[in-house]
Amino acid sequence: MPVRAAQAPGASVFIAAVAGLGDHERDAAIRRELLAGNLPRFLRQALPATLNALRPDGRRVQLTLCVLSDYLGLGSDSDFMLVPMGLDSAIAVASKFDFMLPTRRIVDLIYRAAEVRLQPQPLPASDRMRSAAYLQQHDALVEQQRAALGAAPGALTAGHKKDLVLSARLWQQPGRVAIYGWHRPDGTPIQTLSTVHGARYADYSHGVRLVSQTMFVDGRPARLLDVLADAQLGPLLSDEGPLRPPANWLESREVIASRQP
């Protein structure tokens, strides 16, 4: 990740500057800021999320993923905001930093591993769900809940957003975004896997959680793409079975985000 520039705007300055822009123009501005390194320090350190499981062949295995502590946010440690993005921007940022989006099963794993579990706080459904005002309002609710729990940014945190996820449906239905999550305290998600929205859609409830493309299988480093495609290991991280995204994940943007409604 690039070093955050001294003159980079904090979230409050940024959101005021883009408040009058349309959804797609704001998405492009968020993308530019993140690619330039305008994100807080606590989002620059990956944390472990470990799964001990049985492979389909009955052998025990330990899988450790390296995930960012929270959804992507823009700004400084003292002035940041969690920011949603369309699928193309999310993949562009993830790929630039050598990360990926999670699968549905990985989202569940992160929730179980989280040190801080926030409760979903849905706002009334309306045509303002994609507005800057809604982003600010929901971000304030998240921070109030975080403060009430005495949870500092940097702890592995989950439950407060829906995730953009990798799914086989993205290659079956180009031009869509797959979302899942927003877990209740009992661990069940409000949002089941959905591809109803076009790839450019993003609203206040969406979050982009990055998962490193480097993980560990029984303590040995491995590429997440290879593990997802493996007949024995893939089903442990994807409930759609082995998942085989293109080897060059950056190029896959042009496949799964094409023909956007």
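The values are calculated or read from the model by the stated rules, or taken from the named source; none is laboratory data. Quick caveat: nothing in here was measured; it's all calculated off a predicted structure. All Cβ positions, even for glycine, are placed from backbone atoms using ideal geometry, and neighbour counts span all protein chains on display. With ligands, DNA and RNA removed, areas are computed over all heavy atoms of the protein, side chains included. Shrake-Rupley method; radii C 1.70, N 1.55, O 1.52, S 1.80 Å.
A full extension of the chain between R112 and A231 corresponds to an added length of 40.4 nm, given 0.36 nm per residue minus the alpha carbon distance. With both labels modelled 7 Å from their Cα along Cα-to-Cβ, the Q137 to D79 distance reads 2.4 nm. Structural size metrics of region 1-74, computed from C-alpha coordinates, are Rg and Dmax of 18.2, 56 Å.
Per residue, the accessible area of the chain comes to 42 Å², computed with a 1.4 Å probe over protein heavy atoms only. Entry note, the chain: the mean residue ellipticity at 222 nm calculated from DSSP H runs of n ≥ 4, each adding -39500 (n - 2.57), is -8500 deg cm²/dmol after division by the residues and rounding to the nearest 500.
Divided by 2.2 N^0.38 Å, where N counts the residues, the Cα radius of gyration of the chain comes to 0.96. Using C-alpha pairs below 8 Å separated by at least 6 residues, the relative contact order for the chain is 23 percent.
Basic side chains Lys and Arg get +1 at the Cβ, acidic Asp and Glu get -1 at the Cβ, and with that the dipole of the chain about its Cα centre reaches some 280 debye. Subtracting the Cα-Cα distance of R44 and R32 from 0.36 nm times their residue separation leaves 2.6 nm of extension gain.
Counted without the sites themselves, the longest stretch of the chain free of GluC sites (Glu not before Pro) in a DSSP loop having at most 16 other beta carbon atoms within 10 Å is 116-239. Look at the Cα gyration tensor of region 28-70: its axes a ≥ b ≥ c give a/c of at least 1.5 with a/b over b/c, and that counts as prolate.
Using C-alpha pairs under 8 Å with a sequence gap of at least 6, the mean separation divided by the residue count of region 121-247 gives a relative contact order of 19 percent. Using R₀ = 30 Å, calculate the FRET efficiency as 1/(1 + (r/R₀)^6) where r is the Cβ-Cβ separation of Q119 and D239; round to 0.05. After rounding, the FRET efficiency stands at 0.80. D186 contributes an accessible area of around 110 Å² to the protein surface, as traced by a 1.4 Å probe with all chains present. Candidate membrane-span-like segments in the chain, meaning DSSP H helices with Cα atoms spread over at least 15 Å of their own axis and a Kyte-Doolittle mean of 0.5 or above, do not occur, with no membrane implied either way. In the elastic network of the chain, a GNM with C-alpha springs shorter than 10 Å, the most mobile of G181, G58, G75 is G58. When the convex hull of its Cα atoms is viewed from all sides, region 69-217 shows a mean projected area of 9.1 nm². With a cut-off of 15 Å on the backbone N, the residues of region 88-122 near the modelled label site 7 Å out from D186 along Cα-Cβ are 120. When the chain is treated as a Gaussian network with alpha carbon springs shorter than 10 Å, the biggest mean-square fluctuation among Y180, Y134, Y111 belongs to Y134. Looking at region 78-144, the pairs of alpha carbons with a distance over 14 Å make up 72% of the total. Database remark: amide H of T103 closer than 5 angstrom to the amide H of L166 (H placed geometrically; neighbours at sequence offset of 5 or more, or on other chains; Pro and chain starts carry no H).
Using a probe radius of 1.4 angstrom, the carbon and sulfur fraction of the accessible surface of the chain is 50%. Sorting T214, T192 by solvent-accessible area of protein heavy atoms yields T192, T214, largest first, with a 1.4 Å probe.
Across region 1-97, Cα pairs under 8 Å and at least six residues apart give a relative contact order of 34 percent.
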